[in-house]
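Before any comments, here is the structure.
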Amino acid sequence: MSHYFHNSDPELAVVDCEAGVVDQERRIGTRLWAISIPIPAATGQSAFSRVNLGLPVDMLRWFCLARESRPWLCPRQGRNKFTLEEDAILVSLLLRNGLHLVLLAFSLNDVMTVIKADCDGNLIAVARNERSTAGIGSILVAVGKTFEDANQAVMSHAKAIAAREMEGIRNEIESMVTHIPPDSLEDWYDSFAYCTWNGLGQKLTDERLYHALESISKAGINFSTMIIDDNWQSIDENGANNFHHRWIEFEADRKTFPRGLKHTISTIRERYPFIKHIAVWHGILGYWNGISPEGALAKCYKKKTLKKQNNGFLGGGSLVAVDADDVQQLYNDFYQYLADSGVDSVKTDTQFLLDLIDSAPDRARFISAYQDAWMKATLRHFSAKAISCMSQTPQIIFHSQLLTSLPKLMVRNSEDFFPDEPASHPWHIFCNAHTNVLTQHLNVLPDWDMFQTSHRYSAFHAAARCISGGPIYFTDKPGEHDTNLIKQMTARNKDGTIILRPKVAKTTYLYASNKEMRLLRIDTSTMDTDIPLLGVFNINHQPLIEIIKLEHFPNLPVAKAYIVRAHTSGEVSEPMSFQDSTTIPLLLSLEPAGYEILTAYPLHTTINSVGKATISIAVLGLLDKMTGAAAVLRSTVYEEGDGVLVQIALKAMGLLGIYISPDVGDLNLSSVKMCKELVPSNAMRFVPEEKTFKVDMAMAWEAIPKLQKGKEISFEMLIH
């Protein structure tokens, strides 16, 4: 550690973790340390300890995820001197020797730890204890050849600590998971969703819901999940706006939903059977300002007045909440009521309010108790189909979002989508891409928030959501829909409409700020076939041109040859390889709010046994989808008799593309089958300038009456 910091606190307790390595996947050349920070016991107020980690040695650039506000994390970057106004939980330093030094402020057991900067650029660790006994704050530090090597080291160690320290609640919750079929969660993760928030706003009624759904249905838009957002609940009119209103009872607002929640849900399911899942919104404490002290809930459960800290969003004053002693009963009762009403999932918002609680005894009693009660209730009643929102606080991240033995939880990954704030849209994509460097290692599915499809930035947001690796929700106003854009985001299978979700995406270079006049690159790969995708976004206010090389796709095997296809233009590159010095890179030009999704496909090269010609083949997936490569479950290319057999299994339909070189004019294609039936000739064609054989799977699906329609859609063709 002394190699990387000057002027560290001489009493800093540092343990070299190499002797007790818990991460078997530790990368070669990575070292890990743990720093312990003793904290005295809390009395009426929290106890704090502050230590100087030191001044970084030979630092060129730095990056951190900072607490922009209590609910949200956001990226911050700089050069040379570490200057930061907010608290950080993840810091990375790029050193002059090319190494990356990563620090993780780890929070657990009623102790919260953050990293600050002082005026001289020192890194300061501050630990806060809520318990009546002494506590230990923790900073995990790793150095590696790449940021991800060091990042993975600290996150893996944090998971091991959490699994050990939380063994009791972990075992209890894990015992509740056995009844959840894995496929049911995949169906939930991959569903295309409609959310009411921006489209319908706060004046929510049952009739407005029906009108919006009818508008969407008439536009030919199918989705399988609906989220009834804020303002369906029975709340009082305390204060000037909804931030001051309080929850009265379980039943929906009796004025705006006069026949009750159950009738509304039943009506929706009857009229629109394509909707499989219906979620409702609520706050972690009930509503934005807790529960009404005169309401029905206050009479049924023990209640507690909680003083709020006088800083930050919604800080100051107090609120009434169901006491921690009764919160498990509250959640069981509430979620049973929702389940009986036909609701099968929830969006639980305002979770940062737990971090606003002022007194240490209340924080110690409420934060973990509410998180545990909520987690257990979502498992028991909704089989883990839940969205956690405004929950990027350290005590929640490391308590509820870290353990990999539980089902993945959908978690909002950034601030809201603000349709009427133009400057917010590039920042929204930038923020999410950088926050994912942390959330990729949590047991969560990062949710980049809803957006509208008929909007200046619609395609920009749509591309980002498709490549994000998380869920996709649209929040259109009735009658304002871009169906062509929606078709690029979704695909049909035998059960309805799904999204083609890749792995969790993240920025390829985290040290550059959003002011540096460079294109934002976000990389990921497909879930089943590991095909790399690179989303490129112009987040600046002027056009930009950049050269894109194979090296810009992280972790590509260097021994293979590739072609790269651009989604928006449909252009396919000439074969490219790392070894070939004549490989021509791509020149990408984007206007402000412009984007491109590039997919690098490995070429399968074989010899035609008859003509003895070399044939190069790549399975491109669905060409009409932004992440169409993610529709491919598996594919094989191998010699069969005197030809080459291509076999593909897909999860959904669209315009299937297969790259074939040389020109098909020099080859014969036969036995083109989908689900073992011959594909009609009018449903397929070869485009010479793209060297691509295209099959309209939807046309074939409709044209073959005896098609066996299973969960997978098989395709094969013989080239000779």
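Is it the case that residue 451 is closer than 12 Å to residue 626 by Cα, aromatic (Phe, Trp, Tyr) and either outside the structural domain of residue 281 (by TED's automatic domain parsing) or touching a residue at least 40 places away in the same chain (Cβ under 8 Å) (or both)?
Considered against the rule, which asks whether it is closer than 12 Å to residue 626 by Cα, aromatic (Phe, Trp, Tyr) and either outside the structural domain of residue 281 (by TED's automatic domain parsing) or touching a residue at least 40 places away in the same chain (Cβ under 8 Å) (or both), residue 451 comes out as no.
Condition first: crowded, with 21+ Cβ neighbours inside 10 Å and either at pLDDT below 95 or out of contact with any Cys (no Cβ under 9 Å at 6 or more places or on another chain) (or both). Now tell me which residues in region 597-616 satisfy that.
Correct list: 598, 599, 600, 601, 615.
Just for region 521-533: of the residues that are surrounded by 23 or more Cβ atoms within 10 Å (Cβ to Cβ) and aliphatic (A, V, I, L, M), which one is farthest from residue 61 (Cα to Cα)?
531
List pairs: first residue in region 95-110 and free of Cβ contacts under 8 Å to residues at least 40 places away in the same chain, second residue in a strand (DSSP E or B) and of a type in the set (A, V, I, L, M, F, W, C) anywhere in the structure, Cβ distance under 7 angstrom, at least six positions apart or on different chains.
As it stands, the answer is 96/60, since those pairs meet every condition given.
Read through the list (1) at pLDDT 95 or above; (2) in contact with a strand residue (DSSP E or B) (Cβ under 9 Å, 6 or more places away or on another chain), then give the number of the only condition that residue 222 fails.
(1)
Can you tell me which condition residue 449 does not meet? The list is (1) in contact with a Phe, Trp or Tyr (Cβ under 6 Å, 6 or more places away or on another chain); (2) of a type in the set (D, E, K, R); (3) part of a helix (DSSP H, G or I), and all the others hold.
(3)
If we keep just the residues of region 617-637 that are β-branched (Val, Ile, Thr) and either in contact with a Gly (Cβ under 9 Å, 6 or more places away or on another chain) or not assigned by TED's automatic domain parsing to the domain that holds residue 657 (or both), which is surrounded by the most Cβ atoms within 10 Å (Cβ to Cβ)?
The qualifying residue surrounded by the most Cβ atoms within 10 Å (Cβ to Cβ) is 627.
Are any residues in region 315-367 assigned to a helix (DSSP H, G or I), among the basic types (Lys, Arg) and closer than 18 Å to residue 391 by Cβ, and if so, which ones?
363
So which residues in region 537-553 are surrounded by 16 or more Cβ atoms within 10 Å (Cβ to Cβ) and not aromatic (Phe, Trp, Tyr), if there are any at all?
Matches in region 537-553: 538, 539, 540, 544, 546, 548, 550, 552.
Say whether the condition of being within 17 Å of residue 613 (Cβ to Cβ), modelled with pLDDT of 90 or more and not in a strand (DSSP E or B) is met by at least one residue in region 686-698.
yes
When you look at residue 113, is it part of a strand (DSSP E or B) and of a type in the set (Ser, Thr, Tyr), yes or no?
When the stated conditions are applied, residue 113 passes them.
Being part of a strand (DSSP E or B) and within 28 Å of residue 490 (Cβ to Cβ) is the filter here, so list the residues in region 638-664 that pass it.
646, 647, 648, 649, 650, 653, 655, 656, 657, 658, 659, 660
Any idea how many residues of region 556-580 are buried (at least 17 other Cβ atoms within 10 Å of the Cβ) and small (Gly, Ala, Ser)?
Residues flagged as buried (at least 17 other Cβ atoms within 10 Å of the Cβ) and small (Gly, Ala, Ser) within region 556-580 amount to 3.
Among the residues that make up region 549-567, is at least one of them outside the structural domain of residue 635 (by TED's automatic domain parsing), under 19 Å from residue 485 (Cα atoms) and assigned to a loop (DSSP other than H, G, I, E, B)?
yes
Within region 401-440, can you find the residues that are in a loop (DSSP other than H, G, I, E, B) and under 11 Å from the mean Cα position of the chain (by Cα)?
If the condition is that a residue be in a loop (DSSP other than H, G, I, E, B) and under 11 Å from the mean Cα position of the chain (by Cα), then 408, 413, 414, 440 are the ones that fit.
For region 221-247, give me each residue that is of a type in the set (Phe, Trp, Tyr) and either buried (at least 21 other Cβ atoms within 10 Å of the Cβ) or on the phi > 0 side of the Ramachandran plot (or both).
The answer is 223, 232, 247.
Can you tell me which of (1) in a strand (DSSP E or B); (2) modelled with pLDDT under 80; (3) of a type outside the set (A, V, I, L, M) is the one residue 582 doesn't meet?
Just one mismatch for residue 582, condition (1).
Residue-wise test of (1) of a type in the set (Gly, Ala, Ser); (2) closer than 28 Å to residue 372 by Cβ; (3) under 24 Å from the mean Cα position of the chain (by Cα).
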| site | (1), (2), (3) |
| --- | --- |
| 186 | no, yes, yes |
| 194 | no, no, yes |
| 199 | yes, no, yes |
| 217 | yes, no, no |
| 224 | yes, no, yes |
| 234 | yes, yes, no |
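Output the strands (runs of 3 or more DSSP E) that fall wholly within region 1-88 and possess 3 or more residues being under 28 Å from residue 129 (Cβ atoms), modelled with pLDDT of 95 or more and not assigned by TED's automatic domain parsing to the domain that holds residue 365, or say none.
By residue number, 31-39, 47-56, 59-67, 73-79.
Only one residue in 189, 210 is within 30 Å of residue 454 (Cβ to Cβ), in contact with a strand residue (DSSP E or B) (Cβ under 8 Å, 6 or more places away or on another chain) and surrounded by fewer than 21 Cβ atoms within 10 Å (Cβ to Cβ). Which one?
Going through 189, 210 in turn, the sole match is 189.
Looking for something more than 19 Å from residue 327 (Cβ to Cβ), part of a loop (DSSP other than H, G, I, E, B) and of a type in the set (A, V, I, L, M) - is there at least one such residue anywhere in region 253-271?
no
Across region 116-125, which residue is nearest to the chain's Cα centre (by Cα) among those that are charged (D, E, K, R) and not in a strand (DSSP E or B)?
So, considering only residues that are charged (D, E, K, R) and not in a strand (DSSP E or B), the one nearest to the chain's Cα centre (by Cα) is 118.
Give the residues of region 452-492 that are surrounded by 23 or more Cβ atoms within 10 Å (Cβ to Cβ), part of a loop (DSSP other than H, G, I, E, B) and of a type in the set (Gly, Ala, Ser), sorted by residue number.
Scanning region 452-492 gives 469, 470.
The values are calculated or read from the model by the stated rules, or taken from the named source; none is laboratory data. Being a predicted model, the structure only gives us computed values, none of them experimental. Note that we place each Cβ from the backbone using ideal geometry, even for glycine, and neighbour counts take in every protein chain shown.
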